[in-house]
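Structure, as structure tokens:
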Amino acid sequence: MSPRASCIALLLALPPALTLTPTVGSAVADGVSPGALLSGPRAAQAAVSVQLSLEELVSRAAFVVVATATEQRSQWEELGGSRRIVTYTRLSVDRPVAGQPDGEVWVRTLGGVVGDVGQQVSGDAQLRIGAQAMIFVSRAGSALVVSGMAQGHYPVVQGEETARVAGAPRIAVRRLAASPDGGTVLPRTGPAISAREQLVGATLDAACDAVSRAWKASHAQK
């Protein structure tokens with residue numbers, strides 16, 4: 001099997017979830033309760049994937065956007081032959097980057113909280129209400145998902161850039177950061193560098209330009 005085929009096979013495999021139920025009187029927040037009791041398996045709690053290049057990310061994406069998470073709902077679903085908690089996040093598109101986003105974008109990620117049960121899945125994108133990010137979005141059946149899981153999610157963070165003229169004030173600049181929990185990521189074997197190496201730390205404008213160029217090059221070959 002080629003390295004690229006192996007990569008795709010690894011990323012398509014659903015990672016196991018860590019299931020938590022709260023103790024009496026504890027409050028669940030962000031999918032984990034402070035005094036949680038483990039009720040699921042402890043083994044293999046993290047997703048394992050191979051670093052994706054920017055070209056690989058855009059080739060599997062239906063569209064790429066800079067968007068803000070505005071609403072979330074979690075529910076149980078049958079995925080990969082097992083019953084799991086998934087979370088649907090509504091995205092307000094701030095800036096289309098590549099492709100044509102749907103009118104209303106709800107993205108499904110693994111994990112979440114339903115009632116007093118929470119599941120965590122290391123390696124998937126963690127979308128936070130009110131947070132802006134660059135997101136590569138793919139179609140999985142009738143659902144939209146984050147391409148490459150955490151590798152397709154880049155939060156936008158505020159920073160400062162040193163002024164070019166001495167004594168001038170620093171300039172506020174927005175940059176991309178890595179997704180909070182990338183799971184276990186194996187190094188690439190090919191000559192292309194990973195998307196994460198290209199995008200993390202880049203200014204938002206520079207990252208959008210890089211994605212747009214990669215998208216045009218990828219889709220021109222189809």
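The values are calculated or read from the model by the stated rules, or taken from the named source; none is laboratory data. Just so you know, these numbers come straight off a predicted model, no measurement behind them. Cβ atoms come from the backbone with ideal geometry, glycine included; neighbour counts cover every protein chain shown. When the accessible area is computed, the model is the full protein with side chains, heavy atoms only, and any ligands, DNA or RNA have been set aside. Shrake-Rupley method; radii C 1.70, N 1.55, O 1.52, S 1.80 Å.
What the table below lists for this structure:
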quantity: Any hit, segment 95-107, residues being of a type outside the set (S, T, N, Q), at pLDDT 95 or above, open to solvent by less than 10 Å² (accessible area, probe 1.4 Å) and under 20 Å from Gly182 (Cβ atoms); calculated: yes
quantity: Ala195, sole failed condition from (1) open to solvent by 20 Å² or more (accessible area, probe 1.4 Å); (2) within 17 Å of Leu52 (Cα to Cα); (3) not acidic (Asp, Glu); calculated: (1)
quantity: Subset tally (residues that are modelled with pLDDT of 85 or more, out of contact with any Cys (no Cβ under 9 Å at 6 or more places or on another chain) and among the acidic types (Asp, Glu)) for segment 28-82; calculated: 4
quantity: Checking Asp116 against (1) modelled with pLDDT under 90; (2) over 28 Å from Gln100 (Cβ atoms), the condition it does not meet; calculated: (1)
quantity: Filter pass, Ala133 being at pLDDT 95 or above, hydrophobic (A, V, I, L, M, F, W, C), under 30 Å from Glu77 (Cβ atoms) and open to solvent by less than 40 Å² (accessible area, probe 1.4 Å); calculated: yes
quantity: Segment 112-122, residues that are surrounded by fewer than 23 Cβ atoms within 10 Å (Cβ to Cβ) and in a loop (DSSP other than H, G, I, E, B); calculated: Gly115, Asp116
